[in-house]
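Report on the following structure.
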Amino acid sequence: MTEEVWANSQFSIARYYGGINIEGKKYIIVDKLGRDLFECSAIAEKEGRDKAIEPGEPADLIREDFKKLYKKYGRDKFIEALEANPNIHEPKWLEKVLKEG
């Protein structure tokens, strides 16, 4: 989910914890490169920035088990594949779609 979707929903609490658990699935906030909020925070601290993900930069909420695919295929292709196939719930099926797409 893009920030525009999750930030104005029941998922918005994720901003305080870096993620959220829903129905046994963990969802995490990632930047456009697929780095989770904790990775981004460490980088920001090293660079002397206050924000883990700068305002205006993508902050997507994804299922933790999809993180490797998000990183591997990139944000745009990942989102496009899920929007075209909203019923995919397993990483192996999403990877198949991403490879073919």
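The values are calculated or read from the model by the stated rules, or taken from the named source; none is laboratory data. Values in this document were obtained by computation on a predicted structure and should not be read as measured data. For neighbour counting, all protein chains shown are included, and Cβ atoms are generated from backbone atoms with ideal geometry for every residue, glycine included.
So, in the range 1-57, exactly how many residues are hydrophobic (A, V, I, L, M, F, W, C) and farther than 22 Å from Asn85 by Cα?
So the answer is 12.
Okay, residues lined up against (1) farther than 22 Å from Lys92 by Cα; (2) among the aliphatic types (A, V, I, L, M); (3) within 11 Å of the chain's Cα centre (by Cα):
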position	(1), (2), (3)
Glu3	yes, no, yes
Ser9	yes, no, no
Tyr16	yes, no, no
Ile28	no, yes, yes
Ser41	yes, no, no
Gly48	yes, no, no
Ala59	yes, yes, yes
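Scan Lys32, Lys71, Lys51 and give me the residue that is free of Cβ contacts under 8 Å to residues at least 60 places away in the same chain and either within 20 Å of Ser9 (Cβ to Cβ) or part of a helix (DSSP H, G or I) (or both). Among Lys32, Lys71, Lys51, only Lys71 is free of Cβ contacts under 8 Å to residues at least 60 places away in the same chain and either within 20 Å of Ser9 (Cβ to Cβ) or part of a helix (DSSP H, G or I) (or both). Within the range 37-62, being under 26 Å from Val97 (Cβ atoms) and crowded, with 18+ Cβ neighbours inside 10 Å holds for Ala59, Asp60, Leu61, Ile62.
For beta carbons closer than 7 Å, sequence separation of 6+ or different chains, a first residue in the range 83-101 that is modelled with pLDDT of 90 or more and a second that is surrounded by 12 or more Cβ atoms within 10 Å (Cβ to Cβ) and not in a helix (DSSP H, G or I), the qualifying pairs are Leu94/Ile88; Val97/Asn85; Val97/Ile88. Listed by first and then second residue, the pairs with beta-carbon distance under 6 Å, at least 6 apart or on different chains, first residue in the range 1-23 and under 23 Å from Asp76 (Cβ atoms) and touching a residue at least 60 places away in the same chain (Cβ under 8 Å), second surrounded by 11 or more Cβ atoms within 10 Å (Cβ to Cβ) and not β-branched (Val, Ile, Thr), are Met1/Leu61; Thr2/Asp60.
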